[in-house]
Amino acid sequence: YVAETYSPALLGANAFEKAQVKQWLNFATSEIYGCSKNLIYPLFGWGKYDKEAAAKSNKSLMEHMKVLDAHLNGKKYLVGATATLADIVMFNTLRFYFQLVFVEGMRKNVLKNVTAWFSDLMATPEAVKVYGRTILAKVALKPYVAPEKKEEKKEEKKKEVKKDTPAEEPKK
(Lines give C-alpha, C1' and ligand atoms only; values in the text may rest on other atoms or scores of the structure.)
Protein backbone atom coordinates (compact mmCIF):
# COMPACT_ATOMS: atom_id res chain seq x y z
CA TYR A 1 0.00 0.00 0.00
CA VAL A 2 2.74 2.45 0.97
CA ALA A 3 4.80 1.69 -2.13
CA GLU A 4 1.74 1.91 -4.37
CA THR A 5 0.66 5.20 -2.83
CA TYR A 6 3.97 7.03 -2.45
CA SER A 7 6.37 5.37 -4.88
CA PRO A 8 4.62 3.21 -7.49
CA ALA A 9 7.88 2.72 -9.40
CA LEU A 10 9.04 0.44 -6.57
CA LEU A 11 6.42 -2.10 -7.66
CA GLY A 12 7.66 -2.43 -11.26
CA ALA A 13 7.23 -0.61 -14.55
CA ASN A 14 4.45 -2.80 -15.97
CA ALA A 15 2.06 -5.60 -15.01
CA PHE A 16 4.64 -8.33 -15.68
CA GLU A 17 7.26 -6.63 -13.51
CA LYS A 18 4.67 -6.10 -10.76
CA ALA A 19 3.99 -9.84 -10.77
CA GLN A 20 7.72 -10.55 -10.56
CA VAL A 21 8.12 -8.11 -7.66
CA LYS A 22 5.36 -9.93 -5.79
CA GLN A 23 7.00 -13.28 -6.58
CA TRP A 24 10.36 -12.14 -5.12
CA LEU A 25 8.64 -10.58 -2.11
CA ASN A 26 7.03 -13.93 -1.35
CA PHE A 27 10.32 -15.75 -1.94
CA ALA A 28 12.15 -13.44 0.47
CA THR A 29 9.54 -13.47 3.21
CA SER A 30 8.62 -17.14 3.15
CA GLU A 31 11.58 -19.11 1.81
CA ILE A 32 14.60 -17.07 2.91
CA TYR A 33 13.22 -15.48 6.08
CA GLY A 34 11.68 -18.82 7.08
CA CYS A 35 15.18 -20.22 7.70
CA SER A 36 15.94 -17.43 10.20
CA LYS A 37 14.09 -19.17 13.01
CA ASN A 38 16.71 -21.92 13.17
CA LEU A 39 19.79 -20.08 11.86
CA ILE A 40 19.60 -16.44 12.97
CA TYR A 41 17.30 -16.34 15.99
CA PRO A 42 19.50 -18.61 18.16
CA LEU A 43 22.46 -16.28 17.51
CA PHE A 44 20.56 -13.51 19.28
CA GLY A 45 19.16 -15.77 21.97
CA TRP A 46 15.65 -15.43 20.55
CA GLY A 47 15.13 -19.16 20.38
CA LYS A 48 16.61 -22.43 21.46
CA TYR A 49 19.27 -23.88 19.16
CA ASP A 50 18.33 -27.21 17.61
CA LYS A 51 21.19 -28.79 15.66
CA GLU A 52 18.97 -30.94 13.40
CA ALA A 53 16.57 -28.10 12.61
CA ALA A 54 19.52 -25.78 11.90
CA ALA A 55 21.04 -28.31 9.50
CA LYS A 56 17.72 -28.65 7.62
CA SER A 57 17.28 -24.88 7.48
CA ASN A 58 20.85 -24.39 6.29
CA LYS A 59 20.34 -26.93 3.49
CA SER A 60 17.07 -25.28 2.49
CA LEU A 61 18.61 -21.82 2.63
CA MET A 62 21.52 -22.82 0.41
CA GLU A 63 19.14 -24.31 -2.17
CA HIS A 64 17.16 -21.05 -2.23
CA MET A 65 20.34 -19.00 -2.40
CA LYS A 66 21.49 -20.98 -5.46
CA VAL A 67 18.18 -20.14 -7.16
CA LEU A 68 18.64 -16.47 -6.29
CA ASP A 69 22.27 -16.52 -7.43
CA ALA A 70 21.31 -18.04 -10.80
CA HIS A 71 18.56 -15.44 -11.23
CA LEU A 72 20.94 -12.54 -10.53
CA ASN A 73 23.51 -13.74 -13.06
CA GLY A 74 24.13 -10.73 -15.31
CA LYS A 75 21.53 -8.56 -13.53
CA LYS A 76 21.90 -5.55 -11.30
CA TYR A 77 18.42 -5.80 -9.74
CA LEU A 78 15.92 -8.58 -9.10
CA VAL A 79 13.31 -7.09 -11.44
CA GLY A 80 13.78 -4.55 -14.22
CA ALA A 81 16.37 -1.83 -14.62
CA THR A 82 15.90 -0.08 -11.27
CA ALA A 83 15.65 -1.11 -7.64
CA THR A 84 12.19 -2.27 -6.62
CA LEU A 85 10.49 -3.20 -3.39
CA ALA A 86 11.69 -6.76 -4.05
CA ASP A 87 15.31 -5.59 -3.85
CA ILE A 88 14.67 -3.68 -0.62
CA VAL A 89 12.90 -6.57 1.11
CA MET A 90 15.40 -9.17 -0.12
CA PHE A 91 18.30 -6.98 1.03
CA ASN A 92 16.73 -6.57 4.45
CA THR A 93 16.03 -10.31 4.69
CA LEU A 94 19.59 -11.29 3.75
CA ARG A 95 21.37 -8.64 5.80
CA PHE A 96 21.80 -10.73 8.98
CA TYR A 97 22.90 -13.72 6.91
CA PHE A 98 25.65 -11.63 5.30
CA GLN A 99 26.68 -10.16 8.64
CA LEU A 100 26.61 -13.37 10.68
CA VAL A 101 26.59 -16.51 8.53
CA PHE A 102 27.86 -16.07 4.96
CA VAL A 103 31.65 -16.08 5.25
CA GLU A 104 34.00 -14.74 2.58
CA GLY A 105 34.68 -18.09 0.91
CA MET A 106 30.96 -18.79 0.55
CA ARG A 107 30.31 -15.30 -0.77
CA LYS A 108 33.06 -15.55 -3.40
CA ASN A 109 32.51 -19.15 -4.50
CA VAL A 110 28.86 -20.06 -3.98
CA LEU A 111 27.00 -16.73 -3.84
CA LYS A 112 29.00 -14.70 -6.32
CA ASN A 113 26.06 -12.94 -8.01
CA VAL A 114 24.07 -12.46 -4.81
CA THR A 115 27.14 -10.97 -3.12
CA ALA A 116 27.70 -8.52 -5.99
CA TRP A 117 24.02 -7.50 -5.86
CA PHE A 118 24.08 -7.19 -2.06
CA SER A 119 27.33 -5.20 -2.08
CA ASP A 120 25.96 -2.75 -4.65
CA LEU A 121 22.83 -2.18 -2.59
CA MET A 122 24.64 -1.86 0.74
CA ALA A 123 26.83 0.87 -0.75
CA THR A 124 23.88 3.05 -1.80
CA PRO A 125 23.42 6.25 0.19
CA GLU A 126 19.92 5.14 1.17
CA ALA A 127 21.14 1.87 2.69
CA VAL A 128 23.99 3.59 4.51
CA LYS A 129 21.56 6.17 5.87
CA VAL A 130 19.16 3.52 7.17
CA TYR A 131 21.55 0.77 8.32
CA GLY A 132 24.90 2.47 8.67
CA ARG A 133 27.96 0.64 7.45
CA THR A 134 27.26 -3.06 6.89
CA ILE A 135 30.17 -5.27 7.87
CA LEU A 136 30.26 -8.71 6.27
CA ALA A 137 31.05 -11.85 8.27
CA LYS A 138 34.63 -13.08 8.39
CA VAL A 139 33.72 -16.03 10.60
CA ALA A 140 30.27 -17.55 10.91
CA LEU A 141 28.87 -17.04 14.38
CA LYS A 142 27.94 -20.09 16.37
CA PRO A 143 24.87 -20.10 18.59
CA TYR A 144 25.36 -20.31 22.31
CA VAL A 145 24.33 -23.70 23.57
CA ALA A 146 23.71 -23.74 27.28
CA PRO A 147 25.17 -26.74 29.09
CA GLU A 148 22.64 -29.31 30.10
CA LYS A 149 21.49 -28.93 33.67
CA LYS A 150 22.03 -31.89 35.89
CA GLU A 151 19.09 -32.62 38.04
CA GLU A 152 20.08 -32.17 41.61
CA LYS A 153 18.66 -34.60 44.05
CA LYS A 154 16.60 -32.72 46.50
CA GLU A 155 16.72 -34.04 49.95
CA GLU A 156 13.54 -33.95 51.82
CA LYS A 157 13.86 -32.04 54.99
CA LYS A 158 11.79 -33.14 57.90
CA LYS A 159 10.03 -30.47 59.74
CA GLU A 160 10.78 -30.47 63.37
CA VAL A 161 7.89 -29.49 65.49
CA LYS A 162 8.71 -28.00 68.83
CA LYS A 163 6.45 -29.45 71.49
CA ASP A 164 7.21 -26.77 74.07
CA THR A 165 5.94 -23.93 71.91
CA PRO A 166 2.33 -23.08 72.74
CA ALA A 167 -0.03 -22.83 69.82
CA GLU A 168 -0.98 -19.31 68.92
CA GLU A 169 -4.49 -18.28 69.63
CA PRO A 170 -6.41 -16.84 66.70
CA LYS A 171 -6.78 -13.09 66.86
CA LYS A 172 -10.23 -11.66 66.96
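Of the three principal axes defined by the Cα atoms of the chain, the extents in descending order read 93, 46, 28 Å.
In the chain, helices alone account for a calculated mean residue ellipticity at 222 nm of -14500 deg cm²/dmol, with every DSSP H run of four or more residues adding -39,500 (n - 2.57).
Using R0 = 35 Å, the C-beta based FRET efficiency linking Phe44 and Glu104 works out to 0.95. Normalising the average separation of contacting C-alpha pairs (under 8 angstrom, six or more residues apart) by the number of residues puts the relative contact order of the stretch 36-108 at 22 percent.
Pairs exceeding a 30 Å alpha-carbon distance, out of Lys18/Lys48; Lys18/Lys66; Lys76/Lys138: Lys18/Lys48.
A simple spin-label model places the labels of Lys75 and Thr124 1.5 nm from each other, with each point 7 Å out along Cα-to-Cβ.
Rounded to the nearest 0.05, the FRET efficiency derived from the C-beta distance between Lys138 and Lys51 at R0 = 25 Å is 0.60. In terms of the mean number of neighbouring beta-carbon atoms within 10 Å, the peptides 85-91, 61-67, 34-40, 71-77 order highest first as 85-91, 34-40, 61-67, 71-77. With a 1.4 Å probe rolled over the protein heavy atoms of all chains, the accessible area of Thr5, Thr84 falls in the order Thr5, Thr84, largest first.
Here the stretch 1-143 is treated with +1 on each Lys and Arg Cβ and -1 on each Asp and Glu Cβ, and its dipole about the Cα centre works out to around 440 debye.
The values are calculated or read from the model by the stated rules, or taken from the named source; none is laboratory data. None of the values given here were measured: they were computed from a predicted structure. When we count neighbours, we look across all protein chains shown, and the Cβ atoms used for this are built from the backbone with ideal geometry, even at glycine. Remember, those area values only see protein heavy atoms, side chains included, never the ligands or the DNA or RNA. Shrake-Rupley method; radii C 1.70, N 1.55, O 1.52, S 1.80 Å.
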